[in-house]
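Heads up, the thing below is written out as structure tokens.
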Amino acid sequence: MDEFLDSPAAERPAVLADLDGCLIAGGKPLPHACRLVARLGERLTIVSNNSSDTAATLAAQLERIALPIAPARLVLAGEEAVRLLASRRPGARVALFASEPIVALAERLGLRPDRDRAEIALLARAPDFDLADLAQLAALAHRGTELWLSNPDTSHPGPDGTPVPETGALMAALAAMVAVTPAIVVGKPAPGLVRRALDRSAVAACDAVFIGDTAATDGLAAQAAGVPFVLVRRPGDEPAARPRGTVEIAQGAA
């Protein structure tokens with residue numbers, strides 16, 4: 001992101017950034033992502049709708065691809081959903097449709113995984129989610145079990161731009177079967193993750209900047225939190241509505 005790094009915005013006390021499609025794709029760093037991480041250091045906080053990892057597991061993955069970002073600088077939708085649920089409903093029985101790291105975190109925080117007597121169902125990105133899971137989730141929704149959604153993304157971009165299914169796609173499959181509205185949606189475009197990142201950085205919204213590749217999620221979340229937004233435009237992207245004041249940079253210059 002040479003264009004961004006050469007601008008005054010790169011000197012702000014806090015730089016927030018999306019991850020998939022912005023710094024990495026298909027588990028590999030995009031061009032100059034390593035330079036951006038090295039240049040920004042502790043001023044960088046990742047704000048991601050990732051709902052399969054905890055900060056600890058994702059930090060280990062990023063370290064292996066030469067993107068050293070401390071767990072404290074990772075704000076992730078799945079982890080934040082579990083932490084919010086544990087704080088609001090301590091000890092609740094929860095049907096967890098989620099990855100192993102998210103389930104393990106829920107147990108550490110005192111939640112009780114229980115699909116048979118669930119008070120709440122949490123849907124996150126579960127890589128092994130199958131038709132049996134969908135049937136079980138639909139049965140819970142049909143009988144009125146409260147549903148939480150970690151994030152609404154239907155996909156994230158793979159290495160060549162091919163869409164990879166995300167939590168929102170699972171939610172769409174559920175909604176095709178049962179009329180249900182999640183009680184809580186944690187990830188972007190809601191501003192909660194952005195505000196969490198600002199709190200960790202101890203920086204006012206007007207003194208930060210948010211870099212993202214999707215105006216409809218990253219951009220709206222930044223706007224709702226009052227943070228200036230920089231849109232990373234991918235090759236072939238169609239023009240789309242974006243928050244007022246958005247600055248654009250091309251991924252080819254990243």
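By the Kirkwood approach, averaging reciprocal distances over each pair of separate Cα atoms, the stretch 105-210 gets a hydrodynamic radius of 15.7 Å.
Looking at the stretch 49-133, which trypsin sites (Lys or Arg not before Pro) are in a loop (DSSP not H, G, I, E or B) and have at most 15 other Cβ atoms within 10 Å?
Values: sites: 64, 73, 83, 88, 93, 108, 115, 117, 125; in loops: 115, 117, 125.
Answer by residue number: 117.
What is the set of long-range amide H partners of residue 95 at a cut-off below 5 Å, with H atoms built 1.01 Å from backbone N? Correct list: 114, 119, 120, 121, 122.
Normalised by the number of residues in the chain, the average gap of Cα pairs under 8 Å and 6 or more apart makes the relative contact order 21 percent.
Across the stretch 78-157, the fraction of Cα-Cα pairs farther apart than 16 Å, rounded to a whole number, is 46%.
For the stretch 49-164, give the share of DSSP beta bridges that are antiparallel, in percent and rounded to the nearest 5; count only bridges with both residues there.
Details: 2 of 12 bridges.
Antiparallel: roughly 15 percent of the beta bridges in the stretch 49-164.
Using a Gaussian network model of the chain whose springs link C-alpha atoms within less than 10 Å, name the residue from 208, 38, 179 with the highest mean-square fluctuation. For the chain, modelled as a Gaussian network with Cα springs under 10 Å, the answer is 179. DSSP finds beta bridges in the chain, and of those with both partners inside it, around 15 percent are antiparallel.
Taking all C-alpha pairs of the chain, those more than 32 Å from each other amount to 21 percent.
Set the Cα radius of gyration of the stretch 1-101 against 2.2 N^0.38 Å, with N its number of residues, and you get 1.20. Amide H to amide H distances under 5 Å link residue 233 with 249, 250, 251, where only residues 5 or more positions off or on other chains count and H is placed in the peptide plane.
Take the chain with all the other protein chains still there, run a 1.4 Å probe, and you get 44 Å² of accessible area per residue.
Across 201, 150, 87, mean-square fluctuation computed from a Gaussian network of the chain (C-alpha pairs under 10 Å connected) peaks at 87.
Using a 1.4 Å probe over the heavy atoms of the protein chains, calculate the carbon and sulfur portion of the accessible area of the stretch 12-59 as a whole percent. Intermediate results must be reported in sequence, preceding the final value.
Numbers: 890 of 1500 Å².
Taking all protein chains in place, the stretch 12-59 shows 59 percent carbon and sulfur surface.
Couplings 3J(HN,Hα) of the stretch 75-90, computed from phi: 10, 10, 4, x, 5, 5, 4, 5, 5, 5, 5, 5, 6, 7, 10, x Hz, in residue order, whole Hz [Karplus 6.51 cos²θ - 1.76 cosθ + 1.60, θ = phi - 60°; x for Gly and Pro]. Taking 57, 45, 167 in turn, the Gaussian network model of the chain (Cα-Cα springs below 10 Å) assigns the largest fluctuation to 57. Using C-alpha pairs below 8 Å separated by at least 6 residues, the relative contact order for the stretch 4-100 is 26 percent.
Only one residue of 135, 102, 211 has its Cα farthest out toward the positive end of the dipole of the chain, where Lys and Arg carry +1 and Asp and Glu -1 on Cβ, and that residue is 102.
The values are calculated or read from the model by the stated rules, or taken from the named source; none is laboratory data. Because the structure is predicted, anything quoted here is derived from the model rather than measured. Using ideal geometry, Cβ is built from the backbone for each residue, glycine included, and neighbour counts are taken over all protein chains shown. Quick note on the areas: whole protein, heavy atoms, side chains included, nothing else; ligands and nucleic acids left out. Shrake-Rupley method; radii C 1.70, N 1.55, O 1.52, S 1.80 Å.
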